[in-house]
1. Could you check the simple spin-label distance between Glu40 and Leu57, using points 7 Å along Cα→Cβ, in nm with one decimal?
2. Could you size up the charge dipole of the chain around its Cα centre, putting +1 on the beta carbon of Lys and Arg and -1 on that of Asp and Glu, and report it in debye to the nearest 20?
3. Provide, in order from the shortest bin, the percent of all Cα-Cα pairs of the range 1-45 in each 5 Å bin, continuing until the bin that contains the maximum pair distance.
4. In Å³ and rounded to a whole number, note down the convex hull volume per residue for the Cα atoms of the chain.
5. For the range 54-65, in order, what is each residue's ³J(HN,Hα) by Karplus, 6.51 cos²θ - 1.76 cosθ + 1.60 with θ = phi - 60°, in whole Hz (x at glycine and Pro)?
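Just so you know, all these numbers are worked out from the coordinates, no wet-lab data involved. This structure is a prediction, so every number in the text was calculated from the model and none was measured. Positions of Cβ are generated from backbone atoms using ideal geometry, with glycine treated the same way; all protein chains shown enter the neighbour counts.
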Amino acid sequence: KDLFLHSNNLTGILSTNIGKLDRLETLWLDKNKLTGSIPEELFSLARLNVLYLEDALLTGTISSSFGKLKNLEVLVLAKNGLHGSIPD
């Protein structure tokens, strides 16, 4: 239910397989060297309530699909190349 992978020097894209972790509630991927954008599959994680992606080198637009994460209470996206606004 919790996945803590912060400061692990992870590289590459965030896999679309992230969406298969359907019991995930907490995800920490901050301080890594990921590339690309946040995959849409992440937004199928209905139980997710904490998401730390700070300083992960992600790029792209902040998806309107963040609105699907109804249980999300903590979201940290600072220090990335993301743009746009977070939906209500």
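1. The answer from the label model is 2.6 nm.
2. Values: 9 positive and 10 negative charges, 27 e Å.
The calculated dipole for the chain is roughly 140 debye.
3. 6, 22, 29, 30, 14, 0
4. Spelled out: Cα convex hull of the chain, divided by residues, is 76 Å³.
5. Using θ = phi - 60°, the values come out as 4, 6, 10, 6, 6, 10, x, 8, 6, 6, 5, 5 Hz.
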